[in-house]
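J.: The structure under discussion is supplied below as structure tokens; questions concerning it will follow.
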Amino acid sequence: LNHQNVPVFDAVVVGAGFSGLYMLHRLREAGYSVRVYEAAEDVGGTWYWNRYPGARCDIESIYYNYTFSEEILNEWTWSSRYAEQPEILSYINFVADKLDLRRDIQFKNRVAAARYDEHNRNWEIRLENGTLVTAEYFITAIGALSASNIPKFKGLDSFKGEMYHTGRWPHEKVSFSGKRVGVIGTGSSGIQAIPVIAKEAGHLTVFQRTPQYSCPAQNHPYDTEVKFKTRENYDEIKQLMQYSMHGIPSGPQLRSALEDTPEERERQYEEAWQEGGLFSMLYRYNDIHRLPEANETAAAFIRNKIKQLVHNPEKAQKLMPTYYYGTKRPILDTDYYETYNRDNVSLVDIKAEPIEEMTLNGIRTTEADYELDVIIFATGFDAMTGPLFKMDIRGKNDVSLKDKWADGAELKTFLGLATSGFPNMFMLTGPQSPSVLSNMLISIEQHVEWVADCIDYLRKHRLEAFEATVEAEEFWSQQCHALAEMSLLTKTDSWYMGANIEGKPRGFLAFPGGVGLYRLLCDDVAARGYEGFTSSLAPNATDK
Ligand code: NA7
């Protein structure tokens, strides 16, 4: 390769969502040359693509923002408890403008491949348009839920109507007025979209594979008192979030669900239901996430709510989940179950009558033909590893990441941030980090700051080829699996387990020990001079 005309950066960052933007800011402030490549036309990542009706965050707005800058905190005000997608995207744009980030981002440029050059100890990064650049550090900020999943239904191309995936929603407004709409999928996206679409559509048919537990978001506009209070105490709130389980300033109670009388439990759960936080129900007791009998008390409470909210007993029955509550990411909704009381909404249980194929006019199950004008895939994502595998990432000896992790048991990282054989590569919100189990923003800030500090350290000590050891990633992966096994998380088919994608190896994909413990462990690794990593002194150290 002739490197003469190839641009050289200190770091290339892939993705201009929350993590990529902050990574760019941190590295640029420290004096490094950084280039961000982003496939979309603008900033936003997840919040750029997920524009489906009803899309909003499941973490309260006042906690779902950057905390690194007091100025940014003070200049922005959220309108309601759970911000809608357009407001979150405006916030991201506000930050990008404020920090003048766009000048180092190249939009509409997808990274196709990245290869570690062992001789030069840097990365060659190739864009889809063929452009080649090199960088010492290759940082993926590509999101954990960004590779959208459209199941390979037979006859997918034969449907003549409109088709959309919630995670790739068009920018133009989609009209449902008078149309027969089908939604496949009842995860968080489906559950947010269904009530909104039902209000507009002629008829809505929901194709449900697994019923979900959902609690009311109890969303409402923020009053000035809330805004004022959080601003005053933000340092304290920030610390609570950073050392918590899920990145929000609260945590589980210390008592068992089995210690309380059924009446007291009912009172506790009712209070949580009225509160409307994502983890409110789970936090009522310390054993819902690990003891089947304790879990059943919360699960039964929600099933009972469904029975009360849905008037048609047959529909209510179909909507009742049976998996362990909390082993999929909890869901918050606005009028989800109530929507099934509308005359224009029907529910098809596709476990009982599986989808056979898409036809010219709609969906054919084993029992019936459903004629539709629009099909919406709310079928989720190839989580965590999916976005990484979309690029051809090759480390030492030309080994591809996809091959290294081909077998689920071989998915090994150290701290979810790095993997052996891939020196100078960092993954933000990567597999085996706690990010998807948490308030993403708290995880993202921690990842970015750790990586930025690490790069500073390497530069200061003139170290190159920074690589996780096989032993360290072995240890970390064992910890992830062992912690997951201590809970009920591995007992459910979920995207945390890779179970939503046909043929994907099965295994728990995150670090379930909580963001607080994770932060302490990451800090400890750094404090010990990056124990668990190897590096070598730059041969030309004196000239650098
Ligand atoms: P999810 O939570 O993965 O939900 C996807 C839904 O699509 C879920 O109900 C799936 O059923 C269903 N699905 C997936 N594949 C199929 C096939 N082949 N046939 C029928 N139904 C299918 O994705 P979301 O976008 O809703 O939410 C992702 C995260 O974003 C969420 O956890 C929040 O953190 C925000 P299944 O349950 O697998 O049987």
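Throughout, read-outs are computed from the coordinates displayed, never taken from laboratory work. Here the structure is a predicted model, which is why all the values come from computation and not from measurement. For neighbour counting, all protein chains shown are included, and Cβ atoms are generated from backbone atoms with ideal geometry for every residue, glycine included.
J.: If eta is 0.890 mPa s and T is 25 °C, what Stokes-Einstein diffusion coefficient results for region 226-280, Kirkwood Rh from Cα pairs, in µm²/s?
T.: Values: Rh = 13.1 Å.
Roughly 187 µm²/s, to the nearest whole number.
J.: Using the beta-carbon distance between SER250 and ASP493 and R0 = 35 Å, what value does 1/(1 + (r/R0)^6) give for FRET efficiency, to the nearest 0.05?
T.: Taking R0 as 35 Å, the efficiency between SER250 and ASP493 is 0.75.
J.: Moving to a separate point now. Quick check on packing: order 37-43, 69-75 by the mean number of other C-beta atoms within 10 Å, highest mean leading. Intermediate values should be presented prior to the final figure.
T.: Values: 37-43: 19.3, 69-75: 12.6.
My ranking of the peptides, most packed first, is 37-43, 69-75.
J.: Dipole size in debye (nearest 20) for the chain around its Cα centre, Lys and Arg Cβ +1, Asp and Glu Cβ -1?
T.: 780
J.: Still on this model: Just order 417-429, 264-276 by mean Cβ neighbour count inside 10 Å, highest at the front, would you? Mind showing how you got there, number by number?
T.: Numbers: 417-429: 25.3, 264-276: 16.0.
Highest-to-lowest ranking by the protection proxy: 417-429, 264-276.
J.: Within region 172-192, find all residues whose amide N lies under 13 Å from a label point positioned 7 Å from the Cα of GLU371 along Cα-to-beta-carbon.
T.: Residues 180-181 fall inside that zone.
J.: How would you classify region 302-397 from its alpha-carbon gyration tensor, with a ≥ b ≥ c the square roots of the eigenvalues: rounded for a/c under 1.5, else prolate if a/b is greater than b/c, otherwise oblate?
T.: Working: a/c = 2.60, a/b = 1.45, b/c = 1.79.
Oblate shape, in that a/c is at least 1.5 and b/c is the bigger or equal ratio.
J.: Count of lysine pairs in region 296-454 with Cα atoms under 18 Å apart, counting only pairs 8 or more residues apart in sequence or on different chains?
T.: 12
J.: Compute the FRET efficiency between GLU232 and GLU118 as 1/(1 + (r/R0)^6), taking r as their Cβ-Cβ distance and R0 = 45 Å, and round to the nearest 0.05.
T.: 0.25
J.: If you don't mind, there's one more thing I want to ask. List the lysines whose alpha-carbon lies under 20 Å from that of LYS229, not counting same-chain residues fewer than 8 positions away?
T.: Within the straight-line limit of under 20 Å, LYS229 reaches these lysines: LYS238.
J.: Give me, ordered by chain and number, the residues 5 or more places off THR419 or on other chains with an amide H under 5 Å from its own placed amide H.
T.: For THR419, whose amide H was placed from the backbone, the distant partners under 5 Å are PHE414, ALA468.
J.: Distance in nm between label sites at ASP407 and GLN239, each 7 Å beyond Cα in the beta-carbon direction?
T.: Result for the modelled spin labels: 4.7 nm.
J.: Give me the Debye-computed log₁₀ of I(q)/I(0) at q = 0.07, 0.11 Å⁻¹ for the chain, equal point scatterers on Cα only, no solvent, two decimals.
T.: At q = 0.07, 0.11 Å⁻¹ the computed log10 ratios are -0.41, -1.03.
J.: So, one more: May I ask what percent, to the nearest 5, of DSSP beta bridges between residues of the chain are antiparallel?
T.: 40
J.: Using the 10 angstrom Cβ neighbour count as an exposure proxy, how do HIS203, HIS171 rank, fewest first?
T.: In increasing order of surrounding Cβ atoms, one gets HIS171, HIS203.
J.: Which percent of the Cα-Cα distances in region 404-544 go past 18 Å?
T.: Numbers: 5538 of 9870 pairs.
Here the tail beyond 18 Å accounts for 56 percent of pairs.
J.: Taking the beta-carbon count within 10 Å as an exposure proxy, list SER79, SER177, SER435 from fewest neighbours to most.
T.: Numbers: SER79 11, SER177 7, SER435 28.
Lowest count first: SER177, SER79, SER435.
J.: A further question follows. Using square roots of five times the C-alpha gyration tensor eigenvalues, list the equivalent-ellipsoid semi-axes of region 15-90 in whole Å, biggest first. Walk me through the intermediate numbers first.
T.: Values: eigenvalues 110, 62, 13 Å².
Result for region 15-90: semi-axes of 23, 18, 8 Å.
J.: So how do 521-534, 181-194, 81-94 stack up, highest first, on mean other-Cβ count within 10 Å?
T.: Working: 521-534: 14.9, 181-194: 25.6, 81-94: 18.9.
Sorting 521-534, 181-194, 81-94 by mean packing, highest first, produces 181-194, 81-94, 521-534.
J.: With only Lys, Arg, Asp and Glu charged, each at its Cβ (+1 for the first two, -1 for the last two), find how big the charge dipole of region 233-298 is about the Cα centre; round to the nearest 20 debye.
T.: 300
J.: Please state, as a whole number in µm²/s, the translational diffusion coefficient that the Stokes-Einstein equation yields for region 24-153 at 4 °C and 1.567 mPa s, with Rh defined as the Kirkwood radius across alpha carbon pairs.
T.: The estimated diffusion coefficient comes to 77 µm²/s.
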